[in-house]
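Asks: Got a structure here, written out as C-alpha cells. Questions coming.
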Amino acid sequence: IETPPLYENLTAHENLKARTLALGLASSRIDEVLEVVHLRNTGKKKAGHFSLGMKQRLGIAQALLNAPKLLICDEPTSALDPVGRKEILDILSSVTEETTVLFSTHVLSDVERICDHVALLHDGSIVVQGTLENLKRKGNGEKIQIEFERRSDAEACLKKYPESLQTDALTIILPKRADITMPSVMADLVSRQVPVQKLEKLEPTLEDLFLEVVEHETAPCHDEKRTL
C-alpha cells in the first residue's frame, strides 16, 4: 500500500462503497473499517484533498474491507511526517489480532516498534531472521555510554579505551569487549571518584545488527598463502 489507488473525487466512505461494489463485498464493514483508520469523521471531504497520511490510511481501509488473513504493506510510512508515521504504525499494530501483517520497510526503528518476527535482507537474500528479541541477542551485545561532568575525565576515558566512540566533549561510548561490563565500569568510576552525569546501557538495535551482518557479508576473503 505504498501509493494506494483512490477515487479522488469521492469521500472516504464513497471510496469504500465503490470498493465493496466492485468486489461484491457487503458494505456492513465500511463504518467499522473507517473507525479503525480514524477516517470516519471526514464527512464530505474528497480524497483528493486528503493529506498523504490520510490517503495511506484510506488505502489500508480498502485492504481491510474483506477481513483478510494477510495484509501486505510495502513502505506504508514512506514520505510521511512523524505524526503520519505514528498513525500508520498504530493502525497496523491494532489489526494484528485479526490479520497477519507483512510489513516491508527500510526504516528499522519502525520494525522494532510494531513487529514480533523479523527478516533482514541484503542483496535480495534473507541474511538473518527470527523473533525481534532473539535477533537482538545475535548482535555484539549492549554498549555502555558515560556522560562525564568534566572534560578531563572524558579525555582520560578515551586514553584508557582508545577504541571508544566520542559523541561530544563529555560523552563516551565504550567499546564492546568481554571485560567491559556495567559492574566493572561502575566500580572503576567509584574507585577513582569520577563524577558522571549519566551512565547507561545502550541496547543493541536492528540497525546495529544489520550493519554487523552487512559488514560480515561484504568483508574480503583472503586465501591462506603458504610457502613451500
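The values are calculated or read from the model by the stated rules, or taken from the named source; none is laboratory data. The shown structure was predicted, so the numbers you read here are calculated from the model rather than taken from an experiment. Heads up, the Cβs are rebuilt from the backbone with ideal geometry, glycines too, and the neighbour counts pull from every protein chain shown. These accessible areas exclude ligands, DNA and RNA; they are computed on the full protein's heavy atoms, side chains included. Shrake-Rupley method; radii C 1.70, N 1.55, O 1.52, S 1.80 Å.
Asks: Report residue 205's accessible area, 1.4 Å probe, all protein chains in place, as a number in Å² to the nearest 10.
Replies: Near enough 50 Å² of accessible area.
Asks: Okay, moving on. Order 196, 128, most accessible first, counting only protein heavy atoms with a 1.4 angstrom probe. Please report the intermediate quantities before stating the final value.
Replies: Working: 196 45, 128 20 Å².
I get 196, 128, largest accessible area first.
Asks: Classify region 63-126 as rounded, prolate or oblate, taking a ≥ b ≥ c as the square roots of the eigenvalues of its Cα gyration tensor: rounded when a/c is under 1.5, otherwise prolate if a/b is larger than b/c and oblate if not.
Replies: Details: a/c = 1.77, a/b = 1.17, b/c = 1.51.
Judged from the Cα gyration tensor, region 63-126 comes out oblate (a/c at least 1.5, b/c at or above a/b).
Asks: Nothing charged except the Cβ atoms of Lys and Arg (+1) and of Asp and Glu (-1): what's the magnitude of the dipole of the chain about its Cα centre? Round to the nearest 20 debye. Working shown, then result.
Replies: Details: 28 positive and 36 negative charges, 84 e Å.
Approximately 400 debye in magnitude.
Asks: So, with a 1.4 angstrom probe, what is the percent of accessible area on the chain that is carbon and sulfur?
Replies: 51
Asks: At most 13 other Cβ atoms within 10 Å and a DSSP loop assignment: could you name the GluC sites (Glu not before Pro) in region 61-131 that fit?
Replies: Working: sites: 87, 97, 98, 112; in loops: 97, 98.
Sparse-neighbourhood loop GluC sites (Glu not before Pro): 97, 98.
Asks: For the pair residue 83/residue 70, report the inter-label distance in nm, with labels modelled 7 Å from Cα in the Cβ direction.
Replies: With each label placed 7 Å out from Cα toward Cβ, I get 3.6 nm.
Asks: Moving on to the next point. Which of the lysines could be linked to residue 44 by a straight reach, that is with a Cα gap under 27 Å, when you skip same-chain ones fewer than 8 residues away?
Replies: 17, 55, 86
Asks: Any chance you could list the semi-axes, whole Å, largest first, of the equivalent ellipsoid that the Cα gyration tensor gives for the chain, using √(5λ)?
Replies: On the way: eigenvalues 468, 110, 43 Å².
They are 48, 23, 15 Å, listed largest first.
Asks: Right, next: Over the chain, average the accessible area per residue using a 1.4 Å probe and give it in Å², no decimals. Don't jump to the answer; show the numbers that get you there.
Replies: Numbers: 14260 Å² over 228 residues.
About 63 Å² of surface per residue is accessible.
Asks: From the helices alone, meaning DSSP H stretches of at least four residues, give me the mean residue ellipticity at 222 nm for the chain, per-run term -39500 (n - 2.57), in deg cm²/dmol to the nearest 500. Before the final figure, lay out the partial values.
Replies: Numbers: 9 runs with 92 residues, N = 228.
Per the formula, -12000 deg cm²/dmol.
Asks: Determine which lysines satisfy two conditions relative to residue 198: a Cα distance under 22 Å, and not lying fewer than 8 residues away in the same chain.
Replies: Partners found: 143, 159, 160, 176.
Asks: Which of the listed residues, 30, 52, 89, is farthest toward the dipole's positive end in region 1-114, when Lys, Arg count +1 and Asp, Glu count -1 at the beta-carbon?
Replies: Checked the options; the winner is 30.
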